[in-house]
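Just so you know, all these numbers are worked out from the coordinates, no wet-lab data involved. All figures in this text were calculated on a predicted structure; none of them were measured in a lab. Positions of Cβ are backbone-derived with ideal geometry, glycine not excepted, and every protein chain shown enters the neighbour counts.
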Amino acid sequence: MKVTGFTFIRNAIKYDYPVEEAIRSVLPLCDEFVVAVGQSEDDTLGLIRSICPEKIRIVETIWNDTLREGGRVLAVETDKAYRTISSDTDWAFYIQGDEVLHEKYHQLIKDAMLKWKDDTQIDGLLFNYLHFYGSYDYVGSSAKWYPNEIRIVRARQDIYSYRDAQGFRKGDNQKLLVKSIDAYIYHYGWVKEPEAMQRKQQDFNKLWHDQAWIDQHVIKAEAFDYSNIDALALFEQTHPLVMTKRIEQKNWKFEHNMAFNRLSIKDKFKRILKQYFGINLGYKNYKLRS
């Protein structure tokens, strides 16, 4: 079984992306890894080159920042990496620059890829998600956070990145048929030093909106205000080992009082359905095979 990892990145240092940790977290499962590195304002290219030269292949790209509809440029950059994956690859493992895989899931994922490798009806594997917010101690607990995404797909020409690179489709906009696995992706996109998060908010929205929208909707500030959040839960497990150094170097404080959690009636209803009946009413960018 051959597995190829792939991702895209630009300005990783400027916006403090844990992309090195992301790549290293899945490298043990991959025979090779493709990174589409966009032309950056920092030394992102040097960072990626330093990780694991014997496994990583770099595709240098230039982003088309005019592709603002739905963040389309992110899917285009994903596909630039995906399209270079060799045809003898069985599974392609996608990880974004702010996502990290815990090593405790490595064997489970490997077993799942082996189990479904020869079932060509299965297009991909579906992961659960934990979305960290504010610090490494809290995860989002309201329905606003997406609970699942496809992160392993077949290496096929008919599969492509969808919308803003959150998922995949095939053929003429068809959802992929996937198997769900009991493994989590740890999403750290909302855990950054507050000044870096503010820079990201001000610049990243340009991939979706014009300057007039940004001036109206993005608050001008030196640092991001993490207090404006509806509901969080305390994270009491372990983080991936590759995140150890980054977590030790955290230089800001964020604390959340769960007594101030604000769940809407809709959120509460969804939580009851999922907890007691196993029903998930959220948007599903896939077709699940039982």
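Sorting the segments 160-167, 112-119 by their residues' average number of neighbouring beta-carbon atoms within 10 angstrom, most packed first, yields 160-167, 112-119.
The longest part of the chain holding none of the exposed loop GluC sites (Glu not before Pro), meaning those outside H, G, I, E and B in DSSP with at most 13 other Cβ atoms within 10 Å, is 55-221. Counting only residues at least eight positions apart within a chain, or on another chain, the lysines with an alpha carbon under 20 Å from that of residue 170 are 80, 117, 179, 284, 287. Taking a straight Cα-Cα cut-off under 21 Å and skipping sequence neighbours fewer than 8 places away in the same chain, the lysines within cross-link reach of residue 250 are 14, 192, 200.
Only Cα pairs under 8 Å and 6+ residues apart enter the sum, and on that basis the relative contact order of segment 12-168 stands at 27 percent. Remark: segment 20-27, residue by residue, has Karplus-estimated 3J(HN,Hα) of 4, 5, 4, 5, 4, 5, 10, 4 Hz, where x stands for each Gly or Pro and the curve is 6.51 cos²θ - 1.76 cosθ + 1.60 at θ = phi - 60°.
Its DSSP H runs of at least 4 residues, each contributing -39,500 (n - 2.57), put the calculated 222 nm mean residue ellipticity of the chain at -7000 deg cm²/dmol, to the nearest 500.
State, as an integer percentage, the relative contact order of the chain based on alpha-carbon contacts under 8 Å between residues 6 or more apart.
Reported as a whole number, the value is 21 percent.
Rg over Rh for segment 1-140 works out to 0.96, both radii taken from alpha-carbon positions and Rh defined as the Kirkwood radius.
Computed on the Cα trace of the chain, the radius of gyration divided by the Kirkwood hydrodynamic radius gives Rg/Rh = 0.94.
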